[in-house]
Amino acid sequence: MSKNAFAPVIAPPAIVSKAQAVDTKAIQALDSAHYIHSFTDHGDLATRGSRVMTHADGIYVWDSEGKKVLDGMSGLWCVNAGYGRKELADAAYQQMMTLPYYNSFFQTTNVPATKLAAKLASLAPDVGDRSFNHVFYSSSGSESNDTNVRMVRRYWDLMGQPQRKVIIGRHNGYHGSTMAGASLGGMSGMHAQGDLPIPNITHIEQPYYLENVLPGESEADFGVRAAGWLEAKILEIGADKVAAFIGEPVQGAGGVIIPPATYWPEIQRIVDKYGILLISDEVICAFGRLGHWFAYEKFGYKPDLVTFAKGVTSGYIPLGGVMVGNRVASVLIEKGGEFNHGYTYSGHPVACAVALANLELMERENLVGRVKDDIGPYLAKRFTELNNHPLVGRAETCGFTAGLLLVKNKKTMERFNGDLSVGMVCRGHCFSNGLIMRAVGDRMIIAPPLIMTHAQIDELIDLIVKCLDLTYADVQKNGWLA
């Protein structure tokens, strides 16, 4: 008998119809009974019933009632290459049938994780002595930022400065929802639950021009002043106690807060002056979202650590990590001995295989270049036209992210009372009319897949205008403009 007689018969993946019938009520009942969702009021959800998404293709998703929706948020900032990419599914299948899992502990590696680390290093723009030749893997941005805390503090221990423990973040920044990730972020609602932030993490104000500008102050001057809040905090704490500063190039979950061009160069000057490490959280901004492989290149600064996740696999499978600059990596490797940190799924071979296929796809289709030179500028042109709408105080873009502010009075920029939840009113109209657009307070934001055509961008803008018109009608009917 052949030694392979009892080997399983491996059939190719079955082609499943995308239009399978789903019993919406039955799924909603099971969901309500068993599934605790992220960032969800479950009492409210139980009265409404979950929206059941069933299939997707390109830039569109469908729910169980057959509604086709333009996904203006790329899932959760992550489906950069769009839905239905067979080459990514094939990469996962082939790797699963070759080596579905092995750990990276105990002086062991696997081929996809090793090749991906080299590929990521090749894509990271050179920043001199901080250039990126090393990668530490996780499964998410949250885990990656937990890793940053461990790595930064280990670095300073090895440098003979163990008192450098404080990491400074920004109010309204988002760095994940684990204990360390949520602490690094500056979301007050998250800090109100779980006794956060953990010790030795503090925050400065965000560089949001519309909220913090002084009378007559230019955006350029504001950018320098906003960066100066970091220097003031360093001096308040004591420079010898500060380990690092962490920030998103563009704040995503905080409402697509785009800093003035003067902000990041001044941040760089300050961290260099006081010798602290700089962490660029690019979970949202990397892999083409801003028209560059990594966003620090766009804004002209030189981080020591770069957090990544989401777009590295286009969200098809969980993968995250930290790009570790030479300045930090050399100390950890040459002086550190064993680094007592890691995850079961660090360097997961299937996730890394999908990431490699995704990056190859993005290069082949020049998605990063298209955002920089074609669809990014076209989105900017069309999106800024929304400034003409009576509800819009300001509409702005950066690469393939965009946000607009809903205001009560365009001339004075007076805001609506937060209790009215005008953003959520607009969000409701969006989904009812075939568009996913996220509300962050009174800011409406998008981050669409990077595969959009000009015609699809036109479709997106038409939908946004329709939903703004419906929201404006509600606002007028309810007397909220008085």
Residues of the range 185-212 classified as of a type in the set (S, T, N, Q), within 10 Å of Asn172 (Cα to Cα) and either buried (at least 19 other Cβ atoms within 10 Å of the Cβ) or in contact (Cβ under 8 Å) with a residue 24 or more places away in the chain (or both), total: 1
Sole exception among (1) in contact with a helix residue (DSSP H, G or I) (Cβ under 8 Å, 6 or more places away or on another chain); (2) assigned to a helix (DSSP H, G or I) for Met323, by number: (2)
Would it be correct to say that Ala11 is in a loop (DSSP other than H, G, I, E, B), farther than 22 Å from Leu319 by Cα and at pLDDT below 95? yes
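Give me a count of the residues in the range 156-179 that are of a type outside the set (Lys, Arg) and more than 17 Å from the chain's Cα centre (by Cα).
12
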Which pairs have Cβ atoms under 8 Å, sit 6 or more apart or on different chains, and link a residue in the range 135-159 that is of a type in the set (Asp, Glu) to one that is crowded, with 24+ Cβ neighbours inside 10 Å and not in a helix (DSSP H, G or I)? Glu143/Gly176; Glu143/Gly320; Asp146/Ser138; Asp146/Gly176
From the option list Ser38, Ser2, Ser17, Ser32, single residue qualifying as at pLDDT 85 or above and among the small types (Gly, Ala, Ser) is Ser32
Assigned to a strand (DSSP E or B) and not β-branched (Val, Ile, Thr) - does that describe any residue in the range 38-55? yes
For residues in the range 213-227 being touching a residue at least 40 places away in the same chain (Cβ under 8 Å) and under 21 Å from Pro303 (Cα atoms), which is surrounded by the most Cβ atoms within 10 Å (Cβ to Cβ)? Ala227
Can you find even one residue in the range 243-259 that is modelled with pLDDT of 95 or more, of a type in the set (Val, Ile, Thr) and closer than 16 Å to Gly141 by Cβ? yes
When only residues in the range 358-409 that are β-branched (Val, Ile, Thr) and part of a helix (DSSP H, G or I) count, which is farthest from the chain's Cα centre (by Cα)? Thr384
Hey, does the range 411-427 have a residue that's part of a strand (DSSP E or B), surrounded by fewer than 16 Cβ atoms within 10 Å (Cβ to Cβ), of a type in the set (D, E, K, R) and free of Cβ contacts under 8 Å to residues at least 24 places away in the same chain? yes
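Yes/no matrix, rows are residues, columns are (1) in contact with a strand residue (DSSP E or B) (Cβ under 8 Å, 6 or more places away or on another chain); (2) touching a residue at least 60 places away in the same chain (Cβ under 8 Å):
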position: Met362; (1), (2): no, yes
position: Val368; (1), (2): no, yes
position: Val371; (1), (2): no, yes
position: Ile375; (1), (2): no, yes
position: Asn388; (1), (2): no, no
position: Arg394; (1), (2): yes, yes
position: Gly399; (1), (2): no, yes
Scope the range 185-212; condition of a type outside the set (D, E, K, R), in contact with a Phe, Trp or Tyr (Cβ under 6 Å, 6 or more places away or on another chain) and under 22 Å from Thr262 (Cα atoms); matching residues: Ile204, Pro207, Tyr209
Looking at this structure, is Val306 part of a strand (DSSP E or B), surrounded by 23 or more Cβ atoms within 10 Å (Cβ to Cβ), in contact (Cβ under 8 Å) with a residue 12 or more places away in the chain and touching a Leu at 6+ places or on another chain (Cβ under 7 Å)? no
Residue count, the range 23-37 (criterion: more than 15 Å from Asp63 (Cβ to Cβ) and in a loop (DSSP other than H, G, I, E, B)): 3
Positions within the range 247-284 being more than 18 Å from Thr397 (Cβ to Cβ), among the aliphatic types (A, V, I, L, M) and touching a Ser or Thr at 6+ places or on another chain (Cβ under 8 Å), in sequence order: Ile279, Val283
The helices (runs of 4 or more DSSP H) lying wholly within the range 78-178 that contain at least 3 residues that are in contact with a Cys (Cβ under 9 Å, 6 or more places away or on another chain) and of a type outside the set (Lys, Arg) are 111-123
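The values are calculated or read from the model by the stated rules, or taken from the named source; none is laboratory data. Here the structure is a predicted model, which is why all the values come from computation and not from measurement. So basically every Cβ, Gly included, is an ideal-geometry build from the backbone, and we count neighbours across all protein chains shown.
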